[in-house]
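Structure first, then comments.
The values are calculated or read from the model by the stated rules, or taken from the named source; none is laboratory data. Quantities reported herein were computed from a predicted structural model and do not represent experimental measurements. Counting neighbours? That spans all protein chains shown, and the Cβs are built from the backbone with ideal geometry, glycine included. Each accessible area value is taken on the protein alone, full model and side chains, heavy atoms only, with ligands, DNA and RNA left out. Shrake-Rupley method; radii C 1.70, N 1.55, O 1.52, S 1.80 Å.
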Amino acid sequence: MASVFAQPATPPGDTKEQIVQVYALQAGHLTLPERFFVNPASDTARKTVPSLAFLIQHHNTETNETTRILLDLGLRRNVERYPEPIQRHIDTRQPLTTDPDVTKSLAAGGLTPDDIDYVIYSHVHWDHVGEPRDFQRSRFVVGNGALALLSGSSSSLRGSHSFFESDLLPQDRTIELRNPYERDSPEPQSEPVKKPAPGKVDFDRAWTSYGHLPRVLDIFGDLSVLIVDAPGHLPGHINILARTGPTTNVYLAGDACHDRRIMRKERAIGEWHDAEGHICCIHGDKKMAEQTIDRIRELEVNGVEVIFAHDVEWEENERNKGRFFGSS
Ligand SMILES: [Zn+2]
C-alpha cells in the first residue's frame, strides 16, 4: 500500500505489528431529511440511516492486557429519557428505531457494558451519546470543547439539532482531551512531553502530526489507534484511525460527513435558512468541515477504509455483514 500508512507500526528492530480489531455495532436508525445534509436536494427526500457504534479491541502481548474501547453509543434505547427539546427534535427524524441498541449489540458478541474500558465520543450530539448510564465502570473520553457544549457555556451554534445534556457524563470518569492547537501557541511548553510505555493507553499524550493529518493522538503509543482531530462538525469532533492489519486501516469518521455523495463530490454540503433568515448548516463550521472531508478523501484514495457513523451505504453492503460484532 502506498503513502504514510506503509510505515512500520513499531520502532526498527521490533518485528511486531501492533494492530487492533474493529467491529461495527448496530445502535439504532434515524431518518435524515436530505435538504439539511446535501446540496442540491429535493425538499421531500428522506433517508433512513444507521447511527453506528464501533468496538475497538487492543491486546498488549507483553502484559497480556486487553483494552476495549467503544466509539460512540448511538441512539438511546428509551428516547423518553432524552430531555424535552431533543425529544421534539427527534419528531423530525422519524422513522427512528432503537432496537438493537449498543448494549444489546455488545451482548450479541458476549460482552456487557462492564467489559468496556473507555467510551470515546466522536461528538456529543444526541444521536451518538446513547445511554451512558449503562456504562457504570467505563471512562468517557471527549474532544476538547465538548464539555463546554454539555455544560451550556458554549451557545453559539444555530440549528435545532444542537441540544445538550449537562448531566450526561459522570465527572469523575470523564476525560476531555487536551487542546490540539495548544502546541501552536508562541508560549513554549515548560513541562516535558510525557512518554508513557508503548502499548498502554494514555489520553494525555501530546498531539502530533501523522502523514497529511496535522493533529493526531497516538493513544497506545504504538500507532495502532490514532484519535484524529476532525474539526468542523461540532467543537471537539474527533475521528479514529485504526490499524487492523499489516496493510489495512479503518478510519471511523463520525459525522465528518453524512452522505457518501459528498465524498464523491457529487453533492455539496447542505445549507438552509431558519425562521429568522439565518443561514444554517449541519456543520458548525462549514469551511473547516470541507477541509476535514478533503483529508478523509485523501486517506480513502490511499487505501484506508472510511466508515461514517451514518454510513448507510457501508451498512447495506453485503460484504460488511460479517463486520458486526457477534455476527460470525
Ligand atoms: Zn449524527
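Considering only residues that are among the charged types (D, E, K, R) and assigned to a helix (DSSP H, G or I), look in the stretch 115-153 and name the one that is most open to solvent (accessible area, probe 1.4 Å). The residue in question is 133. Checking each residue in the stretch 28-55 for being touching a Lys or Arg at 6+ places or on another chain (Cβ under 9 Å), within 16 Å of the ligand (Cβ to nearest atom) and either open to solvent by less than 10 Å² (accessible area, probe 1.4 Å) or among the basic types (Lys, Arg) (or both) picks out 28, 30, 31, 38. Inside the stretch 270-313, can you point out the residues that are in a strand (DSSP E or B) and either in contact (Cβ under 8 Å) with a residue 24 or more places away in the chain or within 16 Å of the ligand (Cβ to nearest atom) (or both)? Passing the criteria: 272, 280, 305, 306, 307. Taking the stretch 216-269 as the region of interest, the strands (runs of 3 or more DSSP E) fully inside it that hold 1 or more residues being surrounded by fewer than 19 Cβ atoms within 10 Å (Cβ to Cβ) and more than 16 Å from the ligand (Cβ to nearest atom) are 238-245, 248-252. The set of residues in the stretch 206-215 being among the hydrophobic types (A, V, I, L, M, F, W, C) and either open to solvent by less than 30 Å² (accessible area, probe 1.4 Å) or within 18 Å of residue 295 (Cβ to Cβ) (or both) consists of 207, 213.
Put simply, of 127, 114 the only residue that is away from the ligand (no atom under 16 Å from the Cβ) and acidic (Asp, Glu) is 114.
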